[in-house]
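Report on the structure given below.
The values are calculated or read from the model by the stated rules, or taken from the named source; none is laboratory data. Since the model is a prediction, treat every value here as computed from it, not as a measurement. Glycine also receives a Cβ, built like all others from the backbone with ideal geometry; neighbour counts cover every protein chain displayed.
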Amino acid sequence: MLAPLRRRLHLSWVLRRARGRRREMTYIIAEPCIGVKDWACVDVCPVECIYEGDDQLYIHPEECIDCGACEPECPVTAIFEESAVPEQWKHYTPKNAQFFRDHPGISPAKGKGK
């Protein structure tokens, strides 16, 4: 059973999805994560939508509920809402989306507290 906060966040995501307000991506993990993979974002994610790649972590666009809990936890400021990705890292938006097309069925990352 989902914890109360997790249940509310999931319900919010379900309602947005039903209204057709899903984008290709939600939050993006950009260049500062490469080689770091701190895991603080994984520990605070209420829906376990962050996955580990070879060089960085990735946020699953269909699982992310846009709660923003991960963004302030990143010690290297690598997480951005899609519309706020700095120009020099805009190419990470398609990179994040492609990661999930290339890795169907991958399991979410498990943080230190999970």
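Only one residue in 28, 50 is in contact with an Asp or Glu (Cβ under 8 Å, 6 or more places away or on another chain) and either at pLDDT 95 or above or crowded, with 16+ Cβ neighbours inside 10 Å (or both). Which one?
Result: 28 is the single residue among 28, 50 that is in contact with an Asp or Glu (Cβ under 8 Å, 6 or more places away or on another chain) and either at pLDDT 95 or above or crowded, with 16+ Cβ neighbours inside 10 Å (or both).
Kindly list, by first and then second residue, each pair from a residue in the range 51-66 that is at negative phi and outside any strand (DSSP E or B) to a residue that is modelled with pLDDT of 95 or more and of a type in the set (Asp, Glu), limited to pairs with Cβ atoms under 8 Å and residues at least 6 apart or on different chains.
Final answer for the pair search is none.
How many of the residues in the range 83-94 are part of a helix (DSSP H, G or I), of a type outside the set (A, V, I, L, M, F, W, C) and surrounded by fewer than 17 Cβ atoms within 10 Å (Cβ to Cβ)?
4
If I filter the range 2-25 down to residues being part of a loop (DSSP other than H, G, I, E, B) and closer than 21 Å to residue 107 by Cβ, which single residue comes out as modelled with the highest pLDDT?
The residue in question is 25.
Restricting to the range 76-114, name every residue that is small (Gly, Ala, Ser) and out of contact with any Phe, Trp or Tyr (no Cβ under 7 Å at 6 or more places or on another chain).
Once the filter is applied, which keeps residues that are small (Gly, Ala, Ser) and out of contact with any Phe, Trp or Tyr (no Cβ under 7 Å at 6 or more places or on another chain), the range 76-114 yields 78, 83, 84, 97, 105, 107, 113.
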